[in-house]
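Undergrad: Let me give you the structure first, and then I'll get to my questions.
The values are calculated or read from the model by the stated rules, or taken from the named source; none is laboratory data. In this text the structure is predicted, and so the values were computed from the model without any measurement. For neighbour counting, all protein chains shown are included, and Cβ atoms are generated from backbone atoms with ideal geometry for every residue, glycine included. Surface areas here come from the heavy atoms of the whole protein model, side chains and all, with no ligands, DNA or RNA. Shrake-Rupley method; radii C 1.70, N 1.55, O 1.52, S 1.80 Å.
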Amino acid sequence: MDSGGLSKQDKIVLLQKAIDEICATFYRQTLFGHYEYNIAKKVENGEPINHEVLSNEMTELYKTYYGIDISEEVYKPLVWAYIPHLFYTPFYVYQYATSFTASMLIYENVKAGKDGAFDAFINMLKKGGSEYPIDEVKSAGVDLTTKEPFLAVARRMEYLVDELEKLLAE
């Protein structure tokens, strides 16, 4: 990591910010997409939906994704109530995670100097939404139907955490 004259504290803050952004954009948005899917299934099955059902589902997913019990915080189980995407643009939040995932593999390929990666990225941008998104990112070398793009996110997280651990050990 090029320090660019940054202090140790600056580097720690920047690494933590990058880690937090992965958590918020990839993991949390995936959790919300999972939440929407689970609630939609309950509705399709004719199950009654009220604030307790919605809060319990969110609480269970936070346990699954993060290993934490949000019911210990008074208002945290109501997180579903203040996420406007869940009401105004249903099944939208997954796009944050999938876009981030595609971007991470494109970044990894360009940074590694993979032959044609940068040109493929530029050509994808030139398409300007003229194709289905999954097809557009395939043209840039990202196949979201495979695990490779998702592993790129995991590799980036691992790198950032390793760098943070090194700094903290100094």
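Undergrad: In nanometres, what is the gap between the two model label sites at His34 and Ala81, each 7 Å from Cα along Cα-to-Cβ?
TA: So the two model labels end up 2.4 nm from each other.
Undergrad: How far apart, in nm, are two points set 7 Å out from the Cα along the Cα-to-Cβ line at Leu168 and at Lys42?
TA: Simple spin-label model gives 3.5 nm for this pair.
Undergrad: Enumerate the helices in the chain for which the Kyte-Doolittle hydropathy averages 0.0 or more and the C-alpha atoms extend at least 18 Å along the helix's axis, using complete DSSP H runs.
TA: 148-169
Undergrad: Oh, and also: Over region 17-123, with the other protein chains present, what is the accessible area per residue in square angstrom, probe 1.4 angstrom?
TA: On a per-residue basis, region 17-123 sits at 61 Å².
Undergrad: Related question: From the convex hull of the Cα coordinates of region 118-158, what is the mean projected area in square nanometres?
TA: So the mean shadow area of the Cα hull is 3.1 nm².
Undergrad: OK, next. Of all accessible surface on the chain at a 1.4 Å probe, what whole percent is carbon and sulfur?
TA: Looking at the chain in its full context, I get 57 percent from C and S.
Undergrad: Given the options Ser103, Ser71, Leu61, identify the residue whose Cα lies farthest towards the positive end of the charge dipole of the chain (+1 on Cβ of Lys, Arg; -1 on Cβ of Asp, Glu).
TA: The one lying farthest along the dipole's positive direction is Ser103.
Undergrad: Separate question: Need one number: convex hull volume per residue for the chain, Cα atoms only, in Å³.
TA: Per residue, the Cα convex hull of the chain comes to 162 Å³.
Undergrad: Right, another one. Just how far, in whole angstrom, is region 93-142 from region 1-58 if you go by their alpha carbon centroids?
TA: 22 Å
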